[in-house]
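The values are calculated or read from the model by the stated rules, or taken from the named source; none is laboratory data. In this text the structure is predicted, and so the values were computed from the model without any measurement. Every residue, glycine among them, receives a Cβ derived from its backbone with ideal geometry; neighbour counts consider all protein chains shown. Just the protein is used for accessible areas: all its heavy atoms, side chains included, with ligands, DNA and RNA removed. Shrake-Rupley method; radii C 1.70, N 1.55, O 1.52, S 1.80 Å.
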Amino acid sequence: MASFSLAALTVLELAPPEMIALAARCGYEKVGLRLLPATPGGIAYRLMDDAPLLRETLARLQATGVSVADLEVVAFRPETDVASFTPFFETGARLGARHILVAAYDPDLTRFSDRYHRFCEAAAAFGLTSDLEFMPWTSVPDLKTAMRIVADVDHPSAGILVDALHFDRSQSSLADLRTIPAHRLHYWQLCDGPTERPTTTEQLIHAAREERMFPGEGGIDLVELTRAIPDDLTISIEVPTVQLAKTVDAETRARRALAAGKAVVERARAKS
């Protein structure tokens, strides 16, 4: 049976302790924490550099029973140094996290694959998987590319992270998704978006980072996507709604997102 995780991007305005408390109130079993920014200067809560905030976060996890599904965002760029992530791994282990979201912004995929393999080895020593998220504007733009890289890297902790929006926008196929070995899928991200796909990279990025739709309220075939994914994976509910957040509080948005996500999963199971 799947468990549901509140993704950092859904309520990015909340620091980890507040986010964990909110997740518990709303009925999420897990959370994803953003310890590193998606882009230079972006919002992140660097628990590895903030001992008081880390202590508060650990206390909130213990008090609520909520666990940490994943840590974000390790964005590989040409200058990325794998050795620099040791404090990140150590903090992840203290948090009891299971997975790390990895993104490829290095145009040299041979270099990226080499570093990704070394990253997998280092993260695995702390009990963490390294899950490669394909996104249309990155160096790993679609599922086929992610499958090839993870197969070539061939490390036990390497995984493929399927995000419903990126899956649709990259026009990846359900047929390919169904061929992925189960041990390469550790968790996935659920959201929705308009039927009409953006036509520019800027529009793709804006929609993905700021304006997604609640599951079942857009035009993506989430039922068939859900049916193609093992039903015991953690489902990360990732629904950033920056405009809505100006008038609707984080808890209301998080509750709506969870209810919508559960409704999609129920429809998928009823159809199976």
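Scanning the range 232-259 for residues that are under 27 Å from H183 (Cα atoms) and either open to solvent by less than 90 Å² (accessible area, probe 1.4 Å) or touching a helix residue (DSSP H, G or I) at 6+ places or on another chain (Cβ under 7 Å) (or both) gives L233, T234, I235, S236, I237, E238, V239, L258. Considering D50, D70, D142, D114, the condition of being over 20 Å from A254 (Cβ atoms), buried (at least 17 other Cβ atoms within 10 Å of the Cβ) and charged (D, E, K, R) is satisfied by D142 alone.
Conditions (1) touching a helix residue (DSSP H, G or I) at 6+ places or on another chain (Cβ under 8 Å); (2) part of a helix (DSSP H, G or I), marked per residue:
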| site | (1), (2) |
| --- | --- |
| D176 | yes, yes |
| H183 | no, yes |
| Q189 | yes, no |
| T195 | no, no |
| T199 | no, no |
| E202 | no, yes |
| A208 | yes, yes |
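Number of residues in the range 18-38 that are crowded, with 20+ Cβ neighbours inside 10 Å and not in a loop (DSSP other than H, G, I, E, B) equals 10. Within the span defined as the range 230-250, every residue fails to be in contact with a Lys or Arg (Cβ under 6 Å, 6 or more places away or on another chain), in a helix (DSSP H, G or I) and in contact (Cβ under 8 Å) with a residue 40 or more places away in the chain.
Evaluate the range 134-144: report whether one residue or more is assigned to a helix (DSSP H, G or I) and out of contact with any Leu (no Cβ under 9 Å at 6 or more places or on another chain).
Going through the range 134-144, the residues assigned to a helix (DSSP H, G or I) turn out to be 143-144.
Then keep just the ones that are out of contact with any Leu (no Cβ under 9 Å at 6 or more places or on another chain); that gives 144.
Yes, the range 134-144 contains at least one residue that is assigned to a helix (DSSP H, G or I) and out of contact with any Leu (no Cβ under 9 Å at 6 or more places or on another chain).
Scanning the range 117-129 for residues that are open to solvent by 50 Å² or more (accessible area, probe 1.4 Å) and in contact with a Phe, Trp or Tyr (Cβ under 8 Å, 6 or more places away or on another chain) yields a count of 2. When the residues of the range 183-236 are filtered to those that are in contact with a Leu (Cβ under 9 Å, 6 or more places away or on another chain) and of a type in the set (V, I, T), the one that is nearest to L9 (Cα to Cα) is I235. The residues in the range 62-121 that are of a type in the set (D, E) and free of Cβ contacts under 8 Å to residues at least 12 places away in the same chain can be counted, and the count is 3. For the subset of the range 152-174 comprising residues that are aliphatic (A, V, I, L, M) and in a helix (DSSP H, G or I), which member is surrounded by the fewest Cβ atoms within 10 Å (Cβ to Cβ)? My answer is L174.
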